[in-house]
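The values are calculated or read from the model by the stated rules, or taken from the named source; none is laboratory data. Values in this document were obtained by computation on a predicted structure and should not be read as measured data. Every residue, glycine as well, gets a Cβ built from its backbone with ideal geometry; the counts of neighbours run over all protein chains shown. Surface accessibility is based on the protein's heavy atoms, side chains included, excluding ligands, DNA and RNA. Shrake-Rupley method; radii C 1.70, N 1.55, O 1.52, S 1.80 Å.
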Amino acid sequence: MRVEVDPQRCRGHARCLTIAPNAFEFLDLEDRAVTSQDGIALEGEDLIRRAEQECPERAIKIDDLKDA
């Protein structure tokens, strides 16, 4: 699973950090979140997907990386 936060869309609501704190980090100077690739493995897939759904700006994108 690959998780990205679109820097153009993220507005720093930080809901993702509340839901999956190990998978996201907050950049104070830029007032936005980024993914923590090491932390994604610590959070369950359900929490990552919930963070995606709860993002008011729809800035979180998930790529399942499954072969077609």
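Taking all protein chains in place and a 1.4 Å probe, what share, in percent, of the accessible surface of the chain do carbon and sulfur account for?
Result for the chain: 42 percent of the exposed heavy-atom area is carbon or sulfur.
For E4 and K61, compute 0.36 nm times the residue count separating them, minus their Cα-Cα distance, and round to one decimal in nm.
20.0 nm
Could you tell me how many cubic angstrom of Cα convex hull volume region 2-63 has per residue?
Taking only Cα atoms, region 2-63 has a hull volume of 67 Å³ per residue.
How large is the helix-only mean residue ellipticity at 222 nm for the chain, computed as the sum of -39500 (n - 2.57) over DSSP H runs with n ≥ 4, divided by its residue count, in deg cm²/dmol to the nearest 500?
Computed mean residue ellipticity for the chain: -6500 deg cm²/dmol.
Whole number in Å², please: accessible area per residue of the chain, 1.4 Å probe, ligands, DNA and RNA not counted.
Here the residues of the chain average 68 Å² of exposed surface.
Would you mind counting up the charge near R9? Only other residues with Cβ under 10 Å from its Cβ, with Lys and Arg at +1 and Asp and Glu at -1.
The answer is +2.
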